[in-house]
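Scroll down for the structure; my scribbles are underneath it.
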Amino acid sequence: QAKQIGSNRYHMFDVSLHEETRAGHQTLERIRIAMLQGELCLYYQPKVNLRSGQVIGFEALIRWQHPQDGLVLPPDFLPLIEQSELIVEIGEWVIDQALQQIEQWAEQGMALPVSVNIAAPHFKNDVFFDRLNTLLAQHITVPPRLLEIEIVESAALGDVAEVGKVIATCQGLGVTFSLDDFGTGYSSLNYLRRLPVDTLKIDQSFVRDMLDDEEDLALVEAVISLARLFGREVIAEGVETADHGVLLMRLGCDIAQGYGIAYPMPAAEVVAWVQHYQPEPQWKLWSDLKWELCDLPLLVA
Ligand code: C2E
Ligand code: MG
Ligand code: MG
């Protein structure tokens, strides 16, 4: 440490920091082993069109089936590796798994898009485009439009012009892009203008609370309008009840995802789930009615 700070000085050895760093390495190593030993897997959560009642795709969400701890969720292990090379390896593994899954479902007669989440440090990595291209080439039967990439808009993405260029180059391959957790991060309007993403995903915290909180409702409404004005698709996550769905449809957002539709599920359950999916009856009731934004005050009243 003393040498790193510039030599010719001393630095006190910090035992607790040393232990922390070592523990960090151990966890990182443990997660790498988890990947190599097949303890990681993808769960899939459906996205549906509330108006038509159709299932329109799935989001792949990583899970760690820990031999002792059971099912570990991504917020409990991904942040530990976000700053390491492992985030790239796991991200590529996720893309590869999703492509394999799309292939398998196609063989069973189901051709639905799958989105994968890519961490900012992975997306910013120089090799991202080349590796994506290689992975798509390894799954030649998968139409690239069935792969969607979700990135979280945040300061971590860095230079918007650069990011915009990478997105556009990848779109040249046929894949599509969503801006995840939209509204929680950077989101200046200029930022949105310069990122050629296909879809905005309204953050689940706004959606969940919009029935009771006017400000959350205003934010949801604003994102839907923004998407419309900028010519992007919009999807709401965090749809936990039928009422959430009704309000979203009335606000002009027909695509939704959330526990109220289905929890993320293992790949093996997906085909049967799609076959048996029954939309909420309330959504059918509203499906023929379109509201204009100028009707909103009346609607809220
Ligand atoms: P996300 O991409 O925004 O995914 C949505 C998260 O919300 C998922 O949590 C999902 O299970 C949860 N969720 C879905 N519907 C509802 C709902 O109605 N109510 C509530 N309260 N939650 C809902 P999960 O699977 O724990 O993932 C958390 C985050 O971890 C994801 O947020 C994503 O940012 C990240 N993540 C997940 N899988 C991957 C991956 O393969 N790679 C990377 N880099 N990040 C991932
Ligand atoms: Mg996501
Ligand atoms: Mg999200």
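The values are calculated or read from the model by the stated rules, or taken from the named source; none is laboratory data. These figures come from a predicted structure and were not determined experimentally. All Cβ positions, even for glycine, are placed from backbone atoms using ideal geometry, and neighbour counts span all protein chains on display. In case anyone asks, the SASA skips ligands and DNA or RNA and just uses the protein heavy atoms, side chains included. Shrake-Rupley method; radii C 1.70, N 1.55, O 1.52, S 1.80 Å.
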**OP:** In nm, give the distance between the simple-model label positions of ASP126 and GLU215, each being 7 Å from the Cα along the Cα-to-Cβ direction.
**Re:** 4.4
Original post:
Given a Förster radius of 30 Å and the C-beta distance between ALA268 and GLU85 as r, what FRET efficiency does 1/(1 + (r/R0)^6) yield to the nearest 0.05?
Top reply: 0.45
Original post:
Quick one: accessible area per residue over segment 159-301, 1.4 Å probe, rounded to a whole number of Å²?
Top reply: 50
Original post:
How far, in nm, would the chain grow between ALA156 and MET12 when pulled straight, counting 0.36 nm per residue and subtracting the alpha carbon separation?
Top reply: 48.6 nm
Subject >> Cα-based Lys proximity count in the chain, under 30 Å, for pairs eight or more positions apart or on separate chains >> reply: 10
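Calculate, in nm to one decimal, what GLU29 and GLU240 gain on full extension: separation in residues at 0.36 nm each, minus their alpha carbon distance.
Additional length available on full extension: 72.3 nm.
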Original post:
Order of 229-235, 107-113 by packing, highest average Cβ count within 10 Å first?
Top reply: 229-235, 107-113
Original post:
Roughly speaking, to the nearest percent, how much of the chain's 1.4 Å accessible area is carbon and sulfur?
Top reply: 52
**OP:** Before rounding to the nearest 500, sum -39500 (n - 2.57) across all DSSP H runs of length at least 4 in the chain and divide by the residue total; then give [θ] at 222 nm in deg cm²/dmol.
**Re:** -13500 deg cm²/dmol
Original post:
If contacts are Cα pairs under 8 angstrom and at least 6 residues apart, what is the relative contact order of the chain in percent?
Top reply: 17
Original post:
Which of the peptides 211-224, 60-73 is most tightly packed, and how do the rest follow, going by the mean number of other Cβ atoms within 10 Å of each residue?
Top reply: 211-224, 60-73
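For segment 240-301, state which chymotrypsin sites (Phe, Trp or Tyr not before Pro) are in a DSSP loop and have at most 16 other beta carbons lying within 10 Å of their beta carbon.
Sparse-neighbourhood loop chymotrypsin sites (Phe, Trp or Tyr not before Pro): TYR259, TYR277, TRP291.
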**OP:** Just add up the charged neighbours of GLU233: K/R +1, D/E -1, any other residue whose Cβ is under 15 Å from the Cβ of GLU233.
**Re:** -1
Original post:
Quick one: how many Å² of THR141 are accessible to a 1.4 Å probe, rounded to 10?
Top reply: 100
Original post:
Around ASP288, what is the net charge, scoring Lys/Arg as +1 and Asp/Glu as -1 over all other residues with Cβ under 13 Å from its Cβ?
Top reply: +3
**OP:** Compute the length gained on full extension between ASP69 and LYS284: take 0.36 nm times their separation in residues and subtract their Cα-Cα distance, giving the result in nm to one decimal.
**Re:** 73.2 nm
Original post:
What relative contact order, as a whole-number percentage, does segment 94-189 give when Cα pairs under 8 Å and 6 or more residues apart are counted?
Top reply: 31
Subject >> Nearest-20 debye value, segment 107-212 charge dipole, Cβ charges on Lys, Arg, Asp, Glu >> reply: 300
Subject >> SER205-GLN37 FRET efficiency (beta carbon distance; Förster radius 25 Å; 0.05 resolution) >> reply: 0.10
Original post:
Taking K and R as +1 and D and E as -1, what net charge do the other residues with C-beta under 14 Å from the C-beta of THR176 add up to?
Top reply: -2
Original post:
Going by the alpha-carbon gyration tensor, a ≥ b ≥ c the square roots of its eigenvalues, is segment 99-233 rounded (a/c under 1.5) or, if a/c is not under 1.5, prolate (a/b greater than b/c) versus oblate?
Top reply: oblate
**OP:** Quote the relative contact order of segment 154-297 in percent (integer), defining contacts as alpha-carbon pairs under 8 Å separated by 6+ residues.
**Re:** 18
